[in-house]
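Chemist: To start, I am sharing the structure in question, which I have written as structure tokens.
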Amino acid sequence: MIIPYGCGRWRDDWLRPDANGRPHCAVPHVVVRQGPGAALRLHDGQYSFQSPPPPDLDTMEQLGFVERYLISRTDPWWPVQACLIEAYFANLRAVVEAARAELDRTLGALGAVFDCRAFAFAAPRPLPRAYIEHPDGTMFGAHCLFWTGENATVIELRGHDSASPARLAMLQGLEGRGMTVLNLETEAVKNGDLPDLFPRFWDGITLPAGPFKALGIEAYADMPYRSSSST
């Protein structure tokens, strides 16, 4: 499945077959698969960086680089989306710092090689302004979306005004397809108040990995610089 993200109002010509009949997406996107263990994580690559990261970044600087990239894909005219990304990454840092003793034990002797804080990159990756196919055949624009492997978790940002009846109906359609819709109040997000979206996201991960590796199978993006997939 192709999930475009970081986009404004949807245009059908963004997603179309190429000359060989394979799907082609003209905007930043990720390719995901459905099934256990198929969650899209921060270390999974498929980033459309305009330029490569500076060399010799430490773990937390790498995390900040990814955070700034994702913020750049939010709606500049609706800053609460950026607040959501900032709050998510602030929570990641706090959770990993609190779990350092456990993560050090997980690494054991390999702790001399790996920074245990790199387990932060095992967290699911937020996709701001993401588009996913709706059961009615249209493309639904999510305020933010996580791909958990089994399905999508859609973040709906709610202000003082409720969503339109048409949007509420579309959200219900997503839930009917098995997706999770989480309604977050914008004022809480602005204050950095997020629920614990993915507790113990590092469970099952034996070694931490980062997103900055040699180019691999991640040939999906159309931008000048691509980080690799972790597979």
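Each reported figure results from applying straightforward, stated rules to the coordinates on display, with no laboratory input. Given the structure is predicted, the values throughout are model-derived calculations rather than measurements. Cβ coordinates were reconstructed from backbone atoms using ideal geometry, including for glycine residues, and neighbour counts include every protein chain displayed.
Chemist: Starting from the 7 Å offset along Cα-to-Cβ, what nm value, one decimal, do you get for the label separation of Lys190 and Ser51?
Modeler: So the two model labels end up 3.3 nm from each other.
Chemist: Which one of Ile205, Phe65, Gly21 is farthest out on the positive end of the charge dipole of the chain, using unit charges on Cβ (Lys, Arg +1; Asp, Glu -1) and the Cα centre as origin?
Modeler: Most positive-ward Cα: Gly21.
Chemist: While we're here: Looking only at Pro126, Pro208, Pro17, which one moves most when the chain is put into a Gaussian network model with springs between Cα atoms under 10 Å?
Modeler: Pro17
Chemist: Please list 3J(HN,Hα) in residue order for region 168-175, calculated via the Karplus relation 6.51 cos²θ - 1.76 cosθ + 1.60 where θ = phi - 60°; whole Hz, with x for glycine and proline.
Modeler: For region 168-175, the Karplus curve yields 4, 5, 5, 5, 5, x, 5, 5 Hz.
Chemist: Counting Lys +1, Arg +1, Asp -1, Glu -1, what net charge surrounds Glu102 among other residues with beta carbon under 13 Å of its beta carbon?
Modeler: Counting the neighbours of Glu102, the net charge comes to +1.
Chemist: Two-decimal Rg/Rh of region 35-123 from alpha-carbon positions, Kirkwood Rh?
Modeler: Rounded to two decimals, Rg/Rh equals 1.00.
Chemist: Looking only at Cα atoms, what is the convex hull volume of region 111-199 per residue, in Å³?
Modeler: 117
Chemist: Tell me, what is the Rg over Rh of region 2-190, with Rh the Kirkwood radius over Cα pairs?
Modeler: Rg/Rh: 0.99.
Chemist: In percent, what relative contact order does the chain have, based on Cα pairs under 8 Å that are 6 or more apart in sequence?
Modeler: 29
Chemist: Same structure, new question: If we count every other residue with Cβ under 13 angstrom of Asp75's Cβ, Lys/Arg +1 and Asp/Glu -1, where does the sum land?
Modeler: In short, +3.
Chemist: Can you give me the long-range amide H partners of His24? Hydrogens built in the peptide plane at 1.01 Å from N, cutoff under 5 Å, separation of 5 or more residues or another chain.
Modeler: Long-range HN contacts for His24: Arg16, Asp18.
Chemist: Sticking with this one: What 222 nm value per residue comes from the helices of the chain, counting each DSSP H run with n ≥ 4 as -39,500 (n - 2.57) and dividing by all residues, nearest 500 deg cm²/dmol?
Modeler: -7500 deg cm²/dmol, from helical runs alone.
Chemist: In whole angstrom, note down how far apart the Cα centers of region 26-95 and region 146-169 are.
Modeler: Computed from Cα coordinates, the inter-centre distance equals 20 Å.
Chemist: Within region 105-147, whose backbone N sits under 18 Å from a point 7 Å along Cα→Cβ of Arg177?
Modeler: Counting only backbone N, you get 127-147.
Chemist: Also, I was wondering about something else. Separation between the Arg167 and Asp115 pseudo-spin-labels, each 7 Å from Cα along Cα→Cβ, expressed in nm?
Modeler: Result for the modelled spin labels: 3.8 nm.
Chemist: Also, quick follow-up: So what J values fall out for region 24-31 if you push phi through Karplus, 6.51 cos²θ - 1.76 cosθ + 1.60 with θ = phi - 60°, rounded to Hz, Gly and Pro as x?
Modeler: So the J values, rounded to whole Hz, are 10, 10, 8, 10, x, 6, 10, 10.
Chemist: Here's something else I'd like to know. Compute, for the chain, the length of the dipole vector about the Cα centre, with Cβ point charges of +1 (Lys, Arg) and -1 (Asp, Glu) only. Units Debye, rounded to 20.
Modeler: The dipole of the chain has a size of about 360 debye.
Chemist: Check Glu156: other-chain or 5+ apart residues with amide H under 5 Å from its amide H, H built from backbone geometry?
Modeler: Excluding prolines and chain starts, which carry no amide H, the hits are Leu182, Asn183, Leu184.
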